[in-house]
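Throughout, read-outs are computed from the coordinates displayed, never taken from laboratory work. On a predicted model such as this, the values are computed, not experimentally measured, just so you know. Because the Cβ atoms are built from the backbone with ideal geometry, glycine has one as well, and the counts that use them run over all protein chains shown.
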Amino acid sequence: MFTQNISFKNFLIRKKNLAVKKNLNLILNEKDQVIHSLSKFYKDSFNKKNIKNFNKKLDYRIIGMGGSTLGAQAIYDFLKKKIKKNFIFVDNLNAFENKKTKKNLNNLIISKSGNTIETIVNANILVKKKDKNLFITEKKESYLSLLAKELKAEVVDHNDYIGGRYSVLSEVGMLPAELMGLNIKKFKQLNNLIKNKKFIDSLVDNVSATLFYINQKKFNSIVLNYDSSSENLFKWY
């Protein structure tokens, strides 16, 4: 039985849509670095030379937490049928328990700060000198940057202005996608989307609704998912 505190209303709130649309257009048109990372004009901080020696094997392990791995994990789940390589994602302290994995894996260790405790713990347990190791972290001294130096591993810069949860179309998500053998140019469709009236209208409606409910002090978003391949997409969300 429903409680008296639950009410049902149309999610699409059209009030103040014009103001929202105007502000969205300003954001999309200004040279915002995070928005820029979603477009085809964003230049990744890695190239094929960085991953040439790292790209020979078929088994990979990606170590990170939250936004550092969830984007790549969602891509892998959606496109697994097209990917001929094996990827293991270590994103919690128990992820590798009771799992038999091949030795000498390619390890991709991702942390923006380079000091994420869980990532450090997993890296210390799993990463071996004889493995091929590649790090994605900010260009500054951190635990992981020092570890990379000790292992003589390649380091790809994690741009400091991109937060982990927004990093899926930067090197954090696109380098794994490249390793998966996918065409990363096909992921960055913002330039085409903002020309699509239906997309912009949908975006305006959703932002308007979000702002409306925030002003009503309603902060919970409930997603009912019936598609197993979308599980990590909604974890990322």
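Specify the inter-centroid distance of the range 183-237 and the range 35-80, based on alpha-carbon positions, in whole Å.
21 Å
I'd like the Karplus ³J(HN,Hα) series for the range 173-181: coefficients 6.51, -1.76, 1.60, θ = phi - 60°, whole numbers in Hz, and an x wherever there's a Gly or Pro.
Along the range 173-181, the couplings run x, 7, 5, x, 4, 4, 5, 6, x Hz.
Considering the options 117, 196, 60, tell which one lies farthest towards the positive end of the dipole of the chain, charges being +1 on Lys and Arg and -1 on Asp and Glu at the Cβ, about the Cα centre.
Of the listed residues, the answer is 196.
Search the structure for amide H atoms under 5 Å from the amide H of residue 107, placed 1.01 Å from N in the peptide plane, and list their residues when 5 or more places away or on another chain.
Amide H to amide H, under 5 Å and 5 or more residues apart or across chains, residue 107 pairs with 61, 132, 133, 134.
Sticking with the crude label model, points 7 Å out along Cα→Cβ, report the distance from residue 215 to residue 49 in nm, one decimal please.
Distance between label points: 5.3 nm.
Once you list every other residue whose beta carbon is under 15 Å from the beta carbon of residue 235, what net charge do they have if Lys and Arg are +1 and Asp and Glu are -1?
-3
Answer with a single label: of (1) 18.7; (2) 24.4; (3) 19.8, which was calculated as Kirkwood radius over Cα pairs in Å from the structure in view?
The calculated read-out lines up with (3).
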